[in-house]
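Before any comments, here is the structure.
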Amino acid sequence: MSDAYILGIETSCDETAAAVVRSGEQVVSNVVYSQIAAHQPYGGVVPEVASREHLRAIVPVVRKALADAGQMYQSLDAIAVTQGPGLAGALLVGISYAKALAFALDHPLIAVNHLEGHIHAVLLEERQKGNHHLQFPLLALVVSGGHTHLYLAEQHGTAEGGMRWSYRNIGQTRDDAAGEAFDKVAKLLALGYPGGPVIEKLSAHGNPAAVKFPPPQIKHPDRNENRGPGDGVRFDFSYSGIKTGVLRHVETHNMQGSIAARKGAIKAKESPTIADYVSLCDKPTLDLVASFQYAIVEDLVSKTLSAARAHNVAALFVTGGVAANQRLRNRFEESAAQEGVAVYFPSRALSTDNAAMIAAAAYPKFLVGDFAAMDFCAEAGLALK
Ligand code: KG4
Ligand code: ZN
């Protein structure tokens, strides 16, 4: 089969992204316009602002993705776009634009689940490195600002007849996603938005053992790790308790004054850097963020490894914005090695939201002719199956 060039478009949250990927295995261009600056004053993503920013950015971002790839609209083989999950208004911008392009160019249109995209970011880069033989069963942890989900991923079909992927959810957060907890704790401590990158940097200066957060306890009437695989055992997560633990610590240790002082000092700076945040954090704050990061990372690793053990998986993918965290990567590498499981991460550029992962996830669908009808809708709560 000749090469297929797929244009991916992603607008599910606060990144307007477009990319061209060749045959699901080579990133030819990858353009991400981050809206962080527009949302920063609010300490989180404001849905209406996100839609407006996507409208402003979508045309130049797609044009740049094509120009960087040296492709013409006509020379593309398909247009892929994120259908959900995500913010409805934000998704609609990408979907409307993708539909218009597909209609005008008479190209096939492919609808992609954002979470499937995060999983295919890993597959894309492994193929790009020449690794075409992943081991199954495969467990994927998608850990981002909106999700903390565990999926068993399977491939069906043959190389000749085409492959289809299917996914079984075996665990997810009961409340906050891990990235959401990073963002909310950063907001509480006046550390800007998004929280993950700044908390990671600050944690290097603090003592992770200073504050003890009890591991999240989930009442699973059905949790019994001695049962065999496939019998409905769940591996759910919960991060609102740790987040509330940080709030209680702030209150009981009278940290409000130092938070207010930092807020004022940060406001006075045009674009605060990580070094500014480090210099504006006292030792108790650095210890608190390091301990918070430690608690979240240890819980993600231990629950995911329990699931990997119960399902006897051969490969583990860790993907999504929080997978950019180096401490998380190190702990997964150590623990997975002890279990004899191969662990894979996307590069940092493809850990957070991007459109290359959408174009890559679309490729198996392109091969089997799984195209979207022109009237398909955005689905804010789209499940991955
Ligand atoms: O995948 P993503 O770009 O968007 C969603 O689909 O949510 O993930 C964004 C999330 C944010 O919550 C951000 O704080 C978190 O990923 N994040 C990190 C790091 N970089 C981004 N969390 C921890 N450590 C990081 N280095
Ligand atoms: Zn994402």
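Taking all pairs of distinct Cα atoms, average 1/r, flip it, and tell me the Kirkwood hydrodynamic radius of the stretch 1-95 in Å to one decimal place.
For the stretch 1-95, the Kirkwood estimate is 13.6 Å.
Calculate how steeply helix 178-188 sits against the longest principal axis of the alpha-carbon atoms of the chain, using the helix alpha-carbon long axis, and give the answer as 0 to 90 degrees to the nearest 10.
Around 40 degrees separate the two axes.
Can you give me the C-alpha center-to-center distance between the stretch 1-55 and the stretch 321-385, rounded to a whole angstrom?
14
Each residue of the stretch 90-103 in turn: what ³J(HN,Hα) in whole Hz from Karplus with 6.51, -1.76, 1.60 and θ = phi - 60°, glycine and Pro shown as x?
Taking θ as phi minus 60°, the curve returns 5, 4, 4, 5, x, 5, 4, 5, 5, 5, 4, 5, 4, 5 Hz for the stretch 90-103.
List, largest first, the extents of the alpha carbons of the stretch 178-313 along their principal axes, each in whole Å.
Largest first, the stretch 178-313 extends 57, 29, 21 Å along its Cα principal axes.
Step through the table entries K243/K385; K184/K283; K99/K365; K64/K385, compare each Cα-Cα distance with 25 Å, and write down the pairs that go over it.
Over 25 Å Cα-Cα: K243/K385; K64/K385.
Could you give the Stokes-Einstein D for the chain in µm² per second, using the C-alpha Kirkwood radius, 20 °C, 1.002 mPa s?
99
Residue by residue, what Karplus-based ³J(HN,Hα) values in Hz, rounded to whole numbers, does the stretch 191-202 have, using 6.51, -1.76 and 1.60 with θ = phi - 60° and x for Gly and Pro?
Once θ is set to phi - 60°, the couplings for the stretch 191-202 become 10, x, 9, x, x, x, x, 6, 5, 4, 5, 5 Hz.
Below 8 Å, C-alpha to C-alpha, sequence gap of six or more: please give me the relative contact order for the stretch 1-153 in percent.
23
Could you grab the relative contact order for the chain? Cα pairs under 8 Å, six or more apart, rounded to a whole percent.
Relative contact order comes out at 26 percent.
For every helix of n ≥ 4 consecutive DSSP H residues, a contribution of -39,500 (n - 2.57) applies; sum these over the chain, divide by its total residues, and give [θ] at 222 nm rounded to the nearest 500 deg cm²/dmol.
-14000 deg cm²/dmol
Using per-residue counts of other Cβ atoms within 10 Å, averaged over each peptide, order 148-160, 255-267 from highest down.
The peptides rank, most packed first, as 148-160, 255-267.
How far, in degrees from 0 to 90, does helix 256-267 lean away from the longest principal axis of the Cα atoms of the chain, to the nearest 10?
Helix 256-267 and the main axis of the chain meet at about 50 degrees.
For the stretch 178-313, what's the relative contact order in percent, using C-alpha pairs closer than 8 Å and at least 6 residues apart?
Relative contact order comes out at 41 percent.
How tilted is helix 240-252 with respect to the longest principal axis of the chain? Cα atoms for both, answer in degrees (0 to 90, nearest 10).
30
What does the charge dipole of the chain about its Cα centre add up to, to the nearest 20 debye, if the Cβ of each Lys and Arg holds +1 and the Cβ of each Asp and Glu holds -1?
With only Lys, Arg, Asp and Glu charged at Cβ, the dipole is about 800 debye.
To the nearest whole percent, what portion of all C-alpha pairs in the stretch 117-201 is separated by more than 18 angstrom?
Tail of the P(r) past 18 Å holds 57 percent of the pairs.
Arrange the peptides 336-342, 89-95 so that the one whose residues have, on average, the most other Cβ atoms within 10 Å appears first.
89-95, 336-342
So between E160 and Y42, what do we pick up on full extension, going 0.36 nm a residue minus the alpha carbon distance?
37.4 nm
Where a number appears in this text, it was derived from the coordinates with a stated rule and is not lab data. The structure displayed is predicted, hence computed values, not measured ones. Cβ atoms come from the backbone with ideal geometry, glycine included; neighbour counts cover every protein chain shown.
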